[in-house]
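The values are calculated or read from the model by the stated rules, or taken from the named source; none is laboratory data. Since we're looking at a predicted model, the values are computed, not measured. Reconstructed Cβ throughout: ideal geometry from the backbone, glycine too, with neighbour counts over all protein chains shown. The accessibility values were calculated without ligands, DNA or RNA, using every heavy atom of the protein model including side chains. Shrake-Rupley method; radii C 1.70, N 1.55, O 1.52, S 1.80 Å.
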Amino acid sequence: MIIVVGSINLDLIANVDRLPSPGETVSGSGFVTAPGGKGANQALAAARAGAAVRMVGAVGKDSFATEALALLRSGKVDLSGVAETFASTGTALIMVSDDGENIIAVVPGANASVLPGDLSKAFLKKGDVVLLQNEIPLPTVDAALDQARAAGAVTVLNTAPFQAEAAAFLAKADYAVANETEFDLYGEALALGGRDRAARMRDFAGKTGRTVVVTLGGDGVMAATPTDFLTIPATKITPVDTVGAGDTFCGYFAAGLSSGLALEQALVRAGAAGSLACLKPGAQPAIPLAADVDKALQETR
């Protein structure tokens, strides 16, 4: 079982020719709403990868909640750990340019009410994989790492969005997954040694005994373990929308670990899934099914 403790949002997505500069207004060419939130995105990705998934989080008692949970419900994610609160359902305001780049503002809403006491709904046990992100209160993330270790579960911490305070518990995760910008910032916060990113990754893995994974967009993925260093090339694509690609990677990566894949195999599969997620607009609607990922991997062999 994969237990995702994290955020649930409704994404409000505007398509624009180019991203605006501060104070500038640009014209939009389209608008859609779609379920989102890093926690929910990763839960759906893990489910589409074929894993059994339980979600722990919160939504508001508002009209956004039904739409925010719709794809999780249809994906057979266990939502018994999702609470209803009087705060608004979390919202992400997203602008996507014609070249696939984006800017995002997130309003946490109900996500801010996911507290350590809610972890009792996770029903953690040995062999589970616990998937976490930083869009809920950090004390809850920290507590989940502790409780998962006590239960004998494996933990995957996606370090997005960057929060300097999260550096204090980064080493508690069995697998820390960051994009290149996030890792560089955490590297500064942790005073990691090394002349380049790869050396700092090795330093982190050596000091902590954990594994760190750094996603590089079109340049693929790097991973450092206490004893090894892996470099995985990216699947070559022309991106339509990069929103949710990192979450797709994390969900598929957790599913790979849960199914018993070796680290390199899990990274290859997750990387292919993340690339495919860039071929459609939106976060959750773009997450590929396992059969699509299998086909893409076969075509690249």
Query raised in the report: What is the extension gain from residue 125 to residue 279, computed as 0.36 nm multiplied by their sequence separation minus the C-alpha to C-alpha distance, in nm to one decimal?
Result: 51.8 nm
Report task. Taking all protein chains together and a probe of 1.4 Å, list 159, 66 from the most accessible to the least accessible. Result -> 66, 159
**Report entry** Antiparallel content of DSSP bridges confined to the stretch 6-79, in %, to 5
**Finding:** 90
Query raised in the report: Taking H as built 1.01 Å from N, whose amide H comes closer than 5 Å to the amide H of residue 37, not counting residues under 5 places away?
Result: 9
Query - Calculated diffusion of the stretch 83-126, Stokes-Einstein form, Kirkwood radius summed over Cα pairs, 4 °C and 1.567 mPa s, µm²/s - result: 99
Query raised in the report: How large is the charge dipole for the stretch 100-257, taken about the Cα centre, if only the Cβ atoms of Lys, Arg (+1) and Asp, Glu (-1) carry charge, to the nearest 20 debye?
Result: 540
**Report entry** Projected label distance in nm at residue 208 and residue 180, using a 7 Å step from Cα toward the beta-carbon
**Finding:** 2.0
Query - Residue-wise HN-Hα coupling along the stretch 148-164, computed from phi with Karplus coefficients 6.51, -1.76, 1.60 (Hz; x: Gly, Pro) - result: 5, 5, 4, 7, x, 8, 8, 10, 10, 10, 7, 7, 8, x, 4, 9, 4
Query raised in the report: Per residue, what accessible area does the chain have, given a 1.4 Å probe and all protein chains present, in Å²?
Result: 42
Report task. For 203, 99, write out the residues from largest to smallest accessible area, computed with a 1.4 angstrom probe and no ligands counted. Result -> 99, 203
Query - Nearest-0.05 FRET efficiency for residue 63 and residue 105, computed from C-beta distance (R0 25 Å) - result: 0.80
Report summary line: Counting only protein heavy atoms and leaving out ligands, DNA and RNA, the solvent-accessible surface of residue 94 at a 1.4 Å probe, in Å² to the nearest 10, equals 10
Query - Which listed pairs, of 38/121; 61/126; 126/236, have C-alpha distances above 31 Å, in listed order - result: 61/126; 126/236
Report summary line: antiparallel share of DSSP beta bridges within the chain, to nearest 5, in %, is 40
Requested in this report: Rounded to the nearest 0.05, what FRET efficiency do residue 76 and residue 195 give with R0 = 35 Å and r taken as the Cβ-Cβ distance? Could you check?
Outcome: 0.15
Query raised in the report: At a 1.4 Å probe, what is the % contribution of carbon and sulfur to the accessible area of the stretch 148-208?
Result: 51
Report task. Mind jotting down the distance between the C-alpha centroids of the stretch 247-299 and the stretch 133-168, whole Å? Result -> 22
**Report entry** Nearest-10 value in Å² for the accessible area of residue 204, using the 1.4 Å probe
**Finding:** 10
Query raised in the report: Please state the relative contact order of the stretch 77-222 as a whole percent: Cα pairs under 8 Å, 6+ residues apart?
Result: 15
Report task. Using a 1.4 angstrom probe on heavy atoms only, work out the carbon and sulfur share of the accessible area of the stretch 21-110 in %. Result -> 55
**Report entry** Prolate/oblate/rounded label for the stretch 28-142 (Cα gyration tensor, a/c 1.5)
**Finding:** prolate
Query raised in the report: Taking R0 as 45 Å, what's the FRET efficiency between residue 264 and residue 26 from their Cβ-Cβ distance, rounded to 0.05?
Result: 0.60
Query - Accessible surface of residue 185 - all protein chains present, 1.4 Å probe, nearest 10 Å² - result: 70
Report summary line: Mean Cβ-within-10 Å packing, highest first, puts peptides 20-31, 173-184 in the order 173-184, 20-31
